[in-house]
1. Please work out how much length the chain gains when fully extended from I223 to V211, using 0.36 nm per residue of separation minus the C-alpha to C-alpha distance, in nm with one decimal.
2. Restricting things to alpha carbons, tell me how big the chain is in terms of Rg and Dmax, in Å.
3. Given a Förster radius of 35 Å and the C-beta distance between V70 and E195 as r, what FRET efficiency does 1/(1 + (r/R0)^6) yield to the nearest 0.05?
4. Using R₀ = 25 Å, calculate the FRET efficiency as 1/(1 + (r/R₀)^6) where r is the Cβ-Cβ separation of T152 and R244; round to 0.05.
5. Under a cut-off of 26 Å between alpha-carbon atoms, report the lysines in cross-link reach of K208, not counting same-chain residues fewer than 8 places apart.
6. GNM, the chain, Cα, under 10 Å: largest mean-square fluctuation among A36, A100, A245?
7. Quick one: among P18, P219, P97, which has the greatest mean-square fluctuation in a GNM of the chain with alpha-carbon springs under 10 angstrom?
8. Per 10 Å bin from zero, what fraction in whole % of the C-alpha pairs of the range 1-86 is there, up to the bin with the longest pair?
Amino acid sequence: MLTIHHDGPIARLILNRPDVRNAFDDELIGRLSDAARDIAATRSARVVVLQGAGNVFCAGADLNWMSRMVAYSREQNVIDASRLALMYQVLDTLPMPVIARVQGAALGGGAGLAAIADIVVAADDAVFGFTEVKLGILPAVISPYVLRKIGTSAARELFLTGVRFSAGRAREIGLVHHVVPADGLDDRVYTLARELLTSGPNAMAVAKNLVRHVAGELPDDVIGLTSETIARQRVSEEGQEGMRAFLEKRKPSWHQ
């Protein structure tokens, strides 16, 4: 259901339900949440790649899971939705960079995975969609991440129509960063991962956190935060090593 493959400092979290187009159910949500928590706690990877087995990245909710939801009470639905929301939160707050490798389709919750990824590489024939309204439901738990990434204007159109859209459109609105031929997905993901391995691991973690706290704020309101953050990083072991390596014209110790 979820395959975890470590390629040195790169961890690949592979949704492995190709027979149902890697759709989510409560068990997969639990396993993905646990895997992300373990990677965050142990720092067992410096880069995480999210991908799907087979021809589709993730088609959203599993039909069997949805059939159970129909009979849930409001309280049961709150518990169920909270577990899904926590999965996205855990993935979003991973301290290391997350690359989403998207082929085939990323629909509903699958598009939500693209929204939490730091870098998204999509095949040029991939299709995206926030299709929940077509079923009379909502892209609610993924909405904070999607809005942060594509803004309210694009979200209004796409949340309300539920239309599917191309990788090219996804790049235009900021959901996707790189669009490549399908047979070039792995090469581009690998190139990006190797580039990330040349950056300071703690610096990247702090930078991710900084983006979350500074986005949407006025410069005057975060001047203390930004000044303190860079000062703390400069005097850290990693900051000292990085600056000394630059001045001594050598690679820093973390460079791979």
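Since every read-out is calculated from the coordinates, none of them should be taken as a lab result. Everything numeric here is computed off the predicted structure, so don't read it as measured data. Quick reminder, even Gly has a Cβ in these numbers, built from the backbone with ideal geometry, and neighbours come from all protein chains shown.
1. Gain on stretching I223 to V211: 3.0 nm.
2. 19.1, 65
3. Efficiency for this residue pair is about 0.15.
4. 0.05
5. K149, K251
6. A245
7. P219
8. In whole percents, the pair-distance histogram is 17, 43, 30, 10, 1.
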